[in-house]
Amino acid sequence: MMTLEETTKLYEMVLRQLLPTGGYDRSPHTNIADDIYGHAKALAQCDLDAKRLLNVLESIPAELLEEYEKEYGLPLKCQTNVAQTVEERLAIVNWIRNTKNVLNTEYLKQILILFNVNLIELVKYRPMQCTTACNAPVNTDRLRYKVKLKLQNPVLADMDCIIYNYLPAYIRYDIEVI
């Protein structure tokens, strides 16, 4: 982490670059240099204080929930916040903040749980083989970019909306409700 003096120097450099060309004396011993240094130090202090606060905050205050939701594009498409408690909304924001890799089975289970859909099994098919005869049908269960989602009944969510907005577009999803 950078010190206050290092951060101040960075802000001072940026503020100097923002001065109009030819309008100010840029030498280090002028009133404008003192003004730039004063503003740079204030900005650097705010920057460091904000980083410290964000590192200390373990959770999102309920008062800031709407701002966080707006920042992360919530509520999720395909649903609304109408029937959700503050705790449920906070859980979704925290999940989105902490989710890094979206191309795995765990992500798929978690996103479906947000919509009250239970994934029983994800069936992946083997990719097509180059050793197949040239007259073999292409669109078989061996298709590489095809999966089957076996879901527990009842499925009340709009699966087309969820697939369109939250799952990789290059995969074909077949749905089976058990």
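Inside the range 1-44, residues that are open to solvent by less than 80 Å² (accessible area, probe 1.4 Å) and among the charged types (D, E, K, R) make up a count of 3. The C-beta contact set for the range 163-178 (first residue more than 14 Å from residue 125 (Cβ to Cβ), second residue open to solvent by less than 70 Å² (accessible area, probe 1.4 Å) and of a type in the set (Lys, Arg), distance under 9 angstrom, 6+ apart or interchain) comprises 175/148; 175/150; 177/150; 178/150. Residues in the range 45-67 that are within 30 Å of residue 6 (Cα to Cα) and open to solvent by 50 Å² or more (accessible area, probe 1.4 Å): 45, 46, 49, 51, 52, 53, 54, 55, 56, 57, 58, 59. Among the residues that make up the range 109-124, is at least one of them closer than 30 Å to residue 177 by Cβ, touching a residue at least 60 places away in the same chain (Cβ under 8 Å) and of a type outside the set (A, V, I, L, M)? No, the conditions are met nowhere in the range 109-124. If the condition is being assigned to a helix (DSSP H, G or I) and either on the phi > 0 side of the Ramachandran plot or touching a residue at least 40 places away in the same chain (Cβ under 8 Å) (or both), then the range 7-26 contributes only 7. When the residues of the range 92-119 are filtered to those that are exposed (fewer than 13 other Cβ atoms within 10 Å of the Cβ) and among the hydrophobic types (A, V, I, L, M, F, W, C), the one that is nearest to residue 161 (Cα to Cα) is 113. Criterion applied to 55, 31 was being more than 32 Å from the chain's Cα centre (by Cα) and of a type outside the set (Val, Ile, Thr), and the one residue passing it is 31. Restricting attention to the range 146-163, the residues being surrounded by 13 or more Cβ atoms within 10 Å (Cβ to Cβ) and not in a loop (DSSP other than H, G, I, E, B) number 10. Tallying residues that are aliphatic (A, V, I, L, M), over 18 Å from the mean Cα position of the chain (by Cα) and surrounded by 10 or more Cβ atoms within 10 Å (Cβ to Cβ) within the range 68-87 yields 1.
The values are calculated or read from the model by the stated rules, or taken from the named source; none is laboratory data. Remember, predicted model here, so these are calculated numbers, not experimental data. Quick reminder, even Gly has a Cβ in these numbers, built from the backbone with ideal geometry, and neighbours come from all protein chains shown. The protein model used for the area step is the full one, side chains on, heavy atoms only, and it has no ligands, DNA or RNA in it. Shrake-Rupley method; radii C 1.70, N 1.55, O 1.52, S 1.80 Å.
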